[in-house]
Amino acid sequence: MKANVVIIGGGISGVSIAYNLAKKGMKNIIVFDDNYMTGGATGRCGAGVRQQWATKMNCVLAKQSVDFFERAQEELGYHRDVEFKQEGYLIVATTLKEDAQFEKNVTLQNSVGIPTKKLTPLEAKEIVPHLNIEEVISATYCKTDGHLNPFLMTDAYYHAAKRLGVKFFYQEKVNEIIVSKGKIKKVITDNYEVETNKVVNAAGGYAHEVGLMAGVEIPVYSENHQILVTEPVEKIQGPMVISFSKNIYCQQVPHGSFIMGRSDKNAAHDHDISSGHLFLDEMVKTAVDLLPPLQELRVTRAWGGSYNISPDRQPIIGDTDQLKGFYMACGFSGHGFMFAPVTGELISDIILDLPTDIEKEKLHIDRFKNMKETDFETSVV
């Protein structure tokens, strides 16, 4: 079997890349994934979509992705609503340091066309009436942020790509990437041997391991981030509520359940995606403190999922001098789902040598040779 490109990873990033390559004319595209569709990080994410970031690059990536999500159903010709609900993100500051940073963030976001506003505690409470503002110093709000169904969005990309001739092989593990004289020759899976000279690493939490298969060292690691879901109730909250200092994000999804999560500074750098009682205890305490009415809700389930973390908490998108024909879309640091549209656009432009309006060198793996502290994304939970 032969392919013009093999994409390793069939989550939201992989299917977006496949669709964009096919839309721009590339033929004979193959996607391999060792899980079922959305069986990895895509199906385990909180599925929030926000544009409120602390670095210009992440703001640009997010805004372009939101622009696509707003027209995704029509562009992809999907038969269902992908459930993109734009009810905003409310991000609260509970320290003076956060408050000062948010002032800078809003100025940055506004400069690239993101309609974020800085709010007083009382203005924040008008948007989320049950918000406890005792410790809130200020907040920011962007009305065009929102929430999306990750399963339907991935399925929409998948069917659009299939109509354009992309071949998908789920539950098909890639075991080896054959390299000879500095070039990719083959990809070997459990059941196939594919001749190709181009590979895209969109393997999410396993991006580092896929890199090693090809002899490419990628400075990323994976860690477990946990989420819980409550019973569904009548709607009381529109926006996603985030506090970086309190380490929480919390959203009421369209069917009524609350989804919330937090990071763990002590999480091991491995592929554990379990969920435990310590997370539940800490999550519940934080949620009830910030959003008191949630104390009446019952937790129905919890799970973990991998964040693939880069040194500056911004994605690695592009090729590498380490190996001709090897491309990467990884290191999203927990935000690969919301950046998937622009990831597909950019990687496809790079592979096909097309012009792009994004400063792609700022996403290239080589940037870590001269990384500055100001390039670090602080808005991660």
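The values are calculated or read from the model by the stated rules, or taken from the named source; none is laboratory data. None of the values given here were measured: they were computed from a predicted structure. Cβ placement follows ideal geometry from the backbone for every residue including glycine, while neighbour counts extend to all protein chains displayed.
Residues in segment 311-321 that are buried (at least 19 other Cβ atoms within 10 Å of the Cβ) and farther than 17 Å from Gly215 by Cβ: Asp312, Arg313, Gln314, Pro315, Ile317, Gly318.
If you go through segment 233-279 and keep only what is aliphatic (A, V, I, L, M) and modelled with pLDDT of 95 or more, you end up with Val233, Ile236, Met240, Val241, Ile242, Ile248, Ile259, Met260. Among residues of segment 265-301 being closer than 27 Å to Val128 by Cβ and among the charged types (D, E, K, R), the one that is nearest to the chain's Cα centre (by Cα) is Lys265.
Determine, yes or no, whether Ile259 is touching a residue at least 40 places away in the same chain (Cβ under 8 Å) and within 19 Å of the chain's Cα centre (by Cα). Considered against the rule, which asks whether it is touching a residue at least 40 places away in the same chain (Cβ under 8 Å) and within 19 Å of the chain's Cα centre (by Cα), Ile259 comes out as yes. Taken across segment 222-229, residues that are touching a Pro at 6+ places or on another chain (Cβ under 8 Å), assigned by TED's automatic domain parsing to the domain that holds Ala93, surrounded by fewer than 22 Cβ atoms within 10 Å (Cβ to Cβ) and in contact (Cβ under 8 Å) with a residue 12 or more places away in the chain do not occur at all. When Arg301 is tested against (1) assigned to a loop (DSSP other than H, G, I, E, B); (2) of a type in the set (D, E, K, R); (3) more than 28 Å from Lys125 (Cβ to Cβ), only condition (1) is not met. For segment 210-221, residues that are free of Cβ contacts under 8 Å to residues at least 40 places away in the same chain and either on the phi > 0 side of the Ramachandran plot or surrounded by fewer than 15 Cβ atoms within 10 Å (Cβ to Cβ) (or both) total 1. Taking each residue of segment 90-101 that is in a helix (DSSP H, G or I) and looking for partners that are small (Gly, Ala, Ser) and surrounded by 24 or more Cβ atoms within 10 Å (Cβ to Cβ) with beta-carbon atoms closer than 7 Å, six or more apart or interchain, yields Asp99/Ala93. Scanning segment 249-308 for residues that are closer than 22 Å to Leu90 by Cα and small (Gly, Ala, Ser), we see that the one that is surrounded by the most Cβ atoms within 10 Å (Cβ to Cβ) is Gly261.
Does Leu164 fit the bill of being of a type outside the set (Lys, Arg), within 23 Å of Gly14 (Cα to Cα) and in contact with a strand residue (DSSP E or B) (Cβ under 9 Å, 6 or more places away or on another chain)? Answer is yes for this residue.
Mind listing just one residue for me: the one in segment 206-241 that is assigned to a strand (DSSP E or B) and among the polar types (S, T, N, Q) and, of those, nearest to Asp366 (Cα to Cα)? Lay out the reasoning, then the answer.
Of the residues in segment 206-241, the ones assigned to a strand (DSSP E or B) are 221-230, 240-241.
Pick out the ones that are also among the polar types (S, T, N, Q) and you get 222, 224, 226, 230.
Details: Ser222: 20, Asn224: 26, Gln226: 31, Thr230: 43 Å.
Only one residue fits best here, namely Ser222.
Looking at this structure, is Lys173 in contact (Cβ under 8 Å) with a residue 60 or more places away in the chain, under 29 Å from Leu76 (Cβ atoms) and basic (Lys, Arg)? For Lys173, the condition - in contact (Cβ under 8 Å) with a residue 60 or more places away in the chain, under 29 Å from Leu76 (Cβ atoms) and basic (Lys, Arg) - is met. Restricting attention to segment 322-381, the residues that are surrounded by fewer than 18 Cβ atoms within 10 Å (Cβ to Cβ) and in contact with a Pro (Cβ under 8 Å, 6 or more places away or on another chain) add up to 2. Please find, within segment 33-83, the residue that is surrounded by the most Cβ atoms within 10 Å (Cβ to Cβ) out of those that are of a type in the set (Ser, Thr, Tyr) and touching a Pro at 6+ places or on another chain (Cβ under 7 Å). That would be Thr42.
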